[in-house]
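Comments concern the structure below.
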Amino acid sequence: MKDITERFLTYVAIDTQSKANQTQFPSTEKQKDLLRLLAEEMKAMGISDVSIDEYGYVYGSIPSNMDKKVPAIGFIAHADTVEDMPGNDIKYRIVKNYDGKDIVLNEEKGIVMHTAEFPHMLNYVGQDLIVTDGTTLLGADDKAGITEILYAAEYMLEHPEFKHGDIKIAFTPDEEVGRGVDFFDVKKFGADFGYTMDGGGLGELSFENFNACSGFVTIHGTNSHPGSAKNVMVNSILVAMEFSAMLPVHERPESTEVYEGFSHLNNLNGNVEETKMIYMIRDHDRQKLEEKKARFVKAAEYLNFKYGEGTVEVVLKDSYSNMREKIEPCMELIDNAKAAMESLGITPIVKPIRGGTDGARLSYMGLPCPNLFTGGHNSHGRYEYIPVQSMEKGAQVILKIVELYAGK
């Protein structure tokens, strides 16, 4: 079998950043570089019915080797990485036998990963941590998920004595920009249910996620020469600041945790004449999300009353919903994932996702799909890292889940 670290680093070397607010799908063609490679690797290892469609979705199957009917299980991961940090020319390093101290990622630039800031590092003393030089992200989100799925798949194919039902595999583009399953073919995939391998640290198991909405706020100002601006100028930047100040400070991401939702100003660009803001509005509770959305509308109404109708435009677009509603009727998916982890000496950490996954939308498309850990930490930034041993455990959990269903 291909070494799990070697497989992961092969994928990490390929730039697959997706890009928000694009009309084409996938949002960047370079994602297909990895997706095509995955399709070829899957064919080479003997996975059946491998295909990659016009959108970049990769599908494949491992036929059942049992003489009885058991559920068809799907395993899904996404190929794209975020655009928040550079995702190309990744200079990785493997910190062997980690000693529990701060890790200097880049001495020249003074980039250090401190245990005081990231205490979860201390959970992996004695293990091998893959890090970057601090100038790029790593891409463990979600190339670790891909790695673990294919590592488990290769094991099943090389060990015919390992009993399993039909196994369905899929890799998607554009998850990070919220469009990962826009064209996903659930019927073609053919699974009875699935698991996304897209979680965080060892043991994480999630069947709840945010309800999500995007808020697009446009402020129309009136420009004039500042020397003759009295009673004429309306500075759209200042109106935007006023709008932001009308939203509760305690409902910003930096003030929230666990089940607390937020309204996050993710982007602001403007001048006196026009300013545009993009907000991420999130809450696990649908009613609370609607209350947050209502604040946007009320803030716009007040500012339009103050500065004139049409000064502030708000467009709210729902993105995805909390999958809990679709998972609760089939909680055996969660029970079996817990049992799989516990049998491997892993403590399940059931926690809500403070974000979303392909699985959330797939659950509403008829494919119940909770989320399992990959082992990565500090996703989307320069301090991203993953223990090699956690990836190995992720692959083992996949195999144990398959084994549990095969034994029924």
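What follows is calculated from the coordinates using simple rules that are stated; it is not laboratory data. What you see is a predicted model; the values in this text were computed from it and never measured. Backbone-built Cβ (ideal geometry, glycine too); neighbour counts: all protein chains shown.
Some values worked out for this structure:
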item: 19 Å Cα-Cα reach of Lys32 towards lysines, excluding residues that sit fewer than 8 places from it in its own chain; result: Lys19, Lys43, Lys143
item: Point-to-point label distance, Thr115-Thr10, nm (Cα→Cβ direction, 7 Å offset); result: 3.5 nm
item: Lysine pairs in the range 272-408 with Cα atoms under 16 Å, if 8 or more residues apart or on separate chains; result: 10
item: The range 33-41 - phi-based ³J(HN,Hα) in whole Hz, Karplus 6.51/-1.76/1.60, Gly and Pro as x; result: 4, 6, 4, 5, 4, 4, 4, 5, 4
item: Which of His220, Val314, Tyr279, positive extreme of dipole for the range 211-320 (C-beta unit charges); result: His220
item: Amide H within-cut-off set for Asn209, under 5 Å, with H built and near neighbours excluded; result: Met323, Arg324, Ile353
item: Label point distance in nm, Lys317-Lys276, each placed 7 Å from Cα along Cα→Cβ; result: 1.1 nm
item: Computed magnitude of the charge dipole of the chain (debye, nearest 20; Cβ of K, R +1, Cβ of D, E -1); result: 540 debye
item: Amide N proximity, the range 341-379 versus Asn123 label position 7 Å along Cα-to-Cβ, cut-off under 12 Å; result: 346-351, 373-378
item: Cβ-defined net charge surrounding Ile47, 13 Å radius [Lys, Arg +1; Asp, Glu -1]; result: -4
item: The chain: relative contact order in percent, alpha carbon pairs under 8 Å with at least 6 residues between; result: 23 percent
item: Estimated distance in nm for a label pair at Thr23 and Met331, the labels positioned 7 Å out from Cα along Cα-to-Cβ; result: 4.8 nm
item: Local net charge near Gln17, Cβ-Cβ under 11 Å (Lys/Arg +1, Asp/Glu -1); result: -4
item: Karplus-derived 3J(HN,Hα), 6.51/-1.76/1.60, for each residue of the range 266-272, Hz, glycine and proline x; result: 9, 7, 9, 8, x, 8, 4
item: Separation between Cα centres of the range 296-332 and the range 174-227, rounded to whole Å; result: 14 Å
item: Value at 222 nm in deg cm²/dmol, rounded to 500, when DSSP H runs of n ≥ 4 in the chain each add -39,500 (n - 2.57); result: -9000 deg cm²/dmol
item: Partner aspartates and glutamates for Lys188 [C-alpha distance under 15 Å; skip if fewer than 8 residues away on the same chain]; result: Asp49, Asp53, Glu54, Asp166
item: For the chain, share of DSSP beta bridges that run antiparallel, in % to the nearest 5; result: 75 percent
item: Residue-by-residue Karplus 3J(HN,Hα) for the range 139-144, coefficients 6.51, -1.76, 1.60, Hz, glycine and proline x; result: x, 4, 8, 9, 5, 5
item: Size of electric dipole in the range 211-320: Cβ of Lys, Arg +1 and of Asp, Glu -1, about Cα centre, debye, nearest 20; result: 140 debye
